[in-house]
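Some notes on the structure that comes next.
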């Protein structure tokens with residue numbers, strides 16, 4: 001277990017903050033349990049292996065933050081689109097061909113020089129799948145879900161984002177079936193860029209609200 | 001229920017650990033659990049019942065297991081509770097009872113169509129006329145139901161303002177327990193950070209949360 005974070009105590013089980021750090025034995029046990037469950041569900045006619053594959057594959061290849069990035073870039077270059085996006089996000093996102101499960105009821109909130117938005121789901125891990133894909137482990141972690149509501153500025157600082165007192169921080173706890181995406185500020189120095197070049201700058205973290213979009217982006 | 005899942009406002013979990021270039025799934029079992037859960041959603045039980053099955057996990061297990069293990073535990077719990085599988089079947093992977101699925105397994109194209117179309121949780125607006133309007137002052141009711149609720153502890157008893165009326169949505173508190181959808185209005189409610197967290201919060205910061213009408217009373 002990773003103990004370099006200074007907590008000084010040992011956990012008996014896997015550390016849910018680092019999903020990929022299960023021991024080989026733990027992974028093996030889970031693989032066996034899941035194989036048994038799948039065998040039962042297939043035998044009873046609940047699922048077919050081909051459909052399981054097709055479904056998982058969609059979220060591995062077709063549905064991810066590249067979709068949300070296209071929405072953001074369009075909003076940056078087309079003021080009328082941006083207005084539609086902020087008024088009826090579900091319909092505006094559908095204009096670009098995105099929508100569906102966990103994005104049936106979308107809200108987009110705009111970052112400005114005076115307002116910074118950040119999204120969480122404290123009760124589980126609700127997330128706008130059609131535009132951002134499946135959530136990263138940190139978004140689902142107890143550390144993020146618990147603290148971003150009470151100490152958003154401290155959490156943002158951990159992500160490298162220091163906000164002045166003059167900026168109003170708005171935390172959005174997606175506790176119902178509405179799903180939230182942040183429209184980040186368009187960075188300076190991007191005036192001559194095409195919509196596709198702009199989309200390439202937009203990161204997942206900026207659309208959750210824990211980062212800003214930078215011209216030289218070095219993080220997913 | 002006042003469960004371990006209701007994490008908002010706790011500060012004891014340490015730094016937020018991030019993983020660079022994180023894969024969508026960390027292992028084949030996560031991929032299968034994700035897909036099996038999605039494919040049986042609505043057949044085994046409702047999404048609200050599924051969330052509640054996660055909330056009913058032993059709190060120590062909840063905190064020491066990973067996200068897709070929560071899903072696995074909840075799926076197994078609901079299958080067992082509805083008598084759709086037996087513990088022996090889950091242990092062995094061998095089926096002893098007849099086929100029990102109420103519908104034939106979805107072919108891939110049908111599932112992809114559902115992903116693209118979604119499963120809306122809103123219902124016709126005429127189900128119940130909204131009691132509140134934007135700008136109305138409200139208090140989140142001090143309720144502590146023993147079942148499923150989407151009213152987190154950190155807003156209970158706190159004073160906020162209606163920011164937006166979202167429409168009429170399935171009520172999770174009944175839908176998680178076989179009590180039907182009982183749709184009602186959902187509001188975006190704005191709370192000042194200081195109302196929730198006291199004087200140490202930044203003066204201008206706010207929190208918006210979506211709450212069903214039965215969670216609210218006039219201020």
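The values are calculated or read from the model by the stated rules, or taken from the named source; none is laboratory data. Keep in mind that what you see is a predicted model, and the values were worked out from it rather than measured. So basically every Cβ, Gly included, is an ideal-geometry build from the backbone, and we count neighbours across all protein chains shown.
Which residue, of A:182, A:167, is more than 7 Å from chain B (Cβ to nearest Cβ), surrounded by fewer than 22 Cβ atoms within 10 Å (Cβ to Cβ) and touching a strand residue (DSSP E or B) at 6+ places or on another chain (Cβ under 7 Å)?
Only one candidate passes the filter, namely A:167.
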Next item on the list: Tally the residues that are facing chain B (nearest Cβ under 7 Å), part of a helix (DSSP H, G or I) and modelled with pLDDT of 95 or more, restricting the search to the range A:34-76.
Entry: 17
Checklist line | Test for residue A:152: is it buried (at least 23 other Cβ atoms within 10 Å of the Cβ) and in contact with a helix residue (DSSP H, G or I) (Cβ under 7 Å, 6 or more places away or on another chain) | finding: no
Checklist line | All positions within the range A:103-118 that are in a loop (DSSP other than H, G, I, E, B), surrounded by fewer than 21 Cβ atoms within 10 Å (Cβ to Cβ) and within 10 Å of chain B (Cβ to nearest Cβ) | finding: A:104, A:114
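Of B:57, B:38, which residue is under 25 Å from residue A:175 (Cβ atoms) and not in a loop (DSSP other than H, G, I, E, B)?
Testing whether each residue is under 25 Å from residue A:175 (Cβ atoms) and not in a loop (DSSP other than H, G, I, E, B) leaves just B:38.
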Next item on the list: Quick one: in the range B:141-169, of everything that is under 30 Å from residue B:74 (Cα atoms) and touching a strand residue (DSSP E or B) at 6+ places or on another chain (Cβ under 6 Å), which residue is farthest from the other protein chains (Cβ to nearest Cβ)?
Entry: B:141
Check: Inside the range B:41-55, can you point out the residues that are within 8 Å of chain A (Cβ to nearest Cβ) and under 20 Å from residue A:63 (Cβ atoms)?
Finding: none
Next item on the list: Go through the range A:37-72 residue by residue and tally those that are crowded, with 16+ Cβ neighbours inside 10 Å and either in contact (Cβ under 8 Å) with a residue 12 or more places away in the chain or touching a strand residue (DSSP E or B) at 6+ places or on another chain (Cβ under 8 Å) (or both).
Entry: 12
Check: Filtering the range A:121-150 down to residues that are within 12 Å of the chain's Cα centre (by Cα) and within 11 Å of residue B:5 (Cβ to Cβ), which residue is nearest to the other protein chains (Cβ to nearest Cβ)?
Finding: A:125
Item checked: Matching residues in the range B:95-113 - criterion: being touching a helix residue (DSSP H, G or I) at 6+ places or on another chain (Cβ under 9 Å) and either buried (at least 16 other Cβ atoms within 10 Å of the Cβ) or in a loop (DSSP other than H, G, I, E, B) (or both) -> B:95, B:96, B:97, B:99, B:101, B:105, B:106, B:107, B:108, B:111, B:112
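Considering only residues that are in a strand (DSSP E or B) and more than 19 Å from residue B:11 (Cβ to Cβ), look in the range B:197-208 and name the one that is nearest to the chain's Cα centre (by Cα).
B:208
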Notebook entry, point to check: Do we have residue B:133 as in the same structural domain as residue B:210 (by TED's automatic domain parsing) and surrounded by 16 or more Cβ atoms within 10 Å (Cβ to Cβ) here?
Noted result: no
